Amino acid sequence: MSRLLQRIALLTTTLLVLNSAVAATHIAAVNKGSIPAPSKGARKLPIDVTSSKVDYKGDTVVFQDVVITQGETKVQADHAHATGLDNFDNSRWTFEGNVRITGEQHGSLKSDLAVVEFKNKYIAKATVTGNPAEFEQKRTDIDATARGHAREIVYNVADGTVRLSNDAWVWDGHNSMTAAELVYDIRAQHVQATADPQGNSQVHFTINPNSSGGDTEKKP
């Protein structure tokens, strides 16, 4: 425990390097205005954390006005708390208040709460919840923005997918779809639907024959 507290104490003054093998991991407590922009390179980059205030309570660290970035992935919120900082291979962060997540291919999420998991020093998965949580991506093949919302959305960084469940709805730029579960592929820019195995709900399509691909769809 004393080793962890000594490491966390350095957050207020300098750059802390954790587990430099495989991929250097950095945590810095700096002014919020100096938040670095997401890199355009691969995901396998250092993790940078900025926060306006850092407190440590036992084995949990509390951040205010926090932003973390790694490659093209950026997560920001009013505050967050994290555990497992002594071993970034398997740490978990909980973000609350105005949560915003930016991923690859201009995909983004916003929600009330998010849990971000790190595996092998990389941001692996973000689970966002809200009433509802929302997703959008500016498409590159048509002049439109794909949008979706659900009470829970899971962003898998390795697969480049967002899985929407519990009142899931997606507009792909042409038509809308509702289902028990919808999976939107950020890279391929298409959606797959799964009906409720209990038969309580079905996949429902709304086809707009007059759609030109523009951002004209209204949220239900």
Mind ordering 142-148, 54-60, 169-175 by average Cβ neighbours within 10 Å, highest first?
169-175, 142-148, 54-60
For region 123-166, with +1 on Lys and Arg beta carbons and -1 on Asp and Glu, the positive-most of Gly160, Asn131, Ala146 along the dipole:
Asn131
Long-range amide H partners of Ile186, meaning residues 5 or more apart or on another chain whose placed amide H is closer than 5 Å, are Thr161, Val162
Rounded, prolate or oblate: which one fits region 80-195, using the alpha carbon gyration tensor with axes a ≥ b ≥ c (rounded when a/c is under 1.5, else prolate when a/b beats b/c, else oblate)?
prolate
Too long at a 22 Å Cα-Cα cut-off: which of Lys110/Lys138; Lys74/Lys138; Lys57/Lys125; Lys74/Lys119; Lys74/Lys125?
Lys57/Lys125
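What part of the accessible area of region 69-153, given as a whole %, is carbon or sulfur when the probe is 1.4 angstrom?
38 percent
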Solvent exposure of region 53-171 as accessible area per residue, Å², 1.4 Å probe
40 Å²
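The values are calculated or read from the model by the stated rules, or taken from the named source; none is laboratory data. What you see is a predicted model, and the numbers here were worked out from it, not measured in a lab. Ideal geometry is used to build each Cβ from the backbone, glycine not excepted, and the neighbour counts take in all protein chains shown. What goes into the accessible areas is simple: the full protein's heavy atoms, side chains included, and nothing from ligands, DNA or RNA. Shrake-Rupley method; radii C 1.70, N 1.55, O 1.52, S 1.80 Å.
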